[in-house]
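The values are calculated or read from the model by the stated rules, or taken from the named source; none is laboratory data. Keep in mind the model is a prediction, meaning the values are calculated, not measured. As a convention, Cβ positions derive from the backbone with ideal geometry for all residues, glycine included, and neighbour counts pool all protein chains shown. Note: accessible area is taken over every heavy atom of the protein model, side chains too, but ligands, DNA and RNA are not part of it. Shrake-Rupley method; radii C 1.70, N 1.55, O 1.52, S 1.80 Å.
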Amino acid sequence: MDFKLEKELEGNLIDMSSLVRVSKVSNVRFDEQLDHKALEDYDFWLALILKNQAKPIFVKETKLNYRVLDNSRTERGNWDKYYDAYFYLLEKYHAIIPDEILKASQANIKLWLKSYLENNEKLTEANQKNSGKRFTYF
């Protein structure tokens, strides 16, 4: 599987537990604007790729294990927090790759809208199935 920048711009595909050559990290630091918000790792990967010309390579074999606990810092499902950080990053890198940023934001919004519509349809179907049923409360 070859790395495609347009797919990475639509959403972070690189795991934070990835291995990185020290020579590619050099001047890249985590953005303090994102500290304790979201997507700090995504920004780090984009900086390595866009500013330091790092080339991501997919390795099929597992080199390490990573686990996410219920009490981990990651807030899965907090879409406000995610999109605040995501659009901040798109704006941050817009000057470097404006056309790619526009395409990525359009693709991400379409993906979100498709997911929203599918979930809404499932909810509507479930409500219709339950609308004719009588419930007994104890």
Counted residues, the stretch 25-61 - those being within 19 Å of I96 (Cβ to Cβ) and assigned to a loop (DSSP other than H, G, I, E, B): 11
Suppose we filter the stretch 106-120 for residues that are modelled with pLDDT under 90 and more than 16 Å from the chain's Cα centre (by Cα); how many remain? 3
Would you be able to tell me the number of residues in the stretch 47-65 that are open to solvent by 90 Å² or more (accessible area, probe 1.4 Å) and either among the basic types (K, R) or in contact with a Leu (Cβ under 7 Å, 6 or more places away or on another chain) (or both)? 4
Taking the stretch 27-46 as the region of interest, how many residues are exposed (fewer than 11 other Cβ atoms within 10 Å of the Cβ) and farther than 18 Å from W79 by Cα? 3
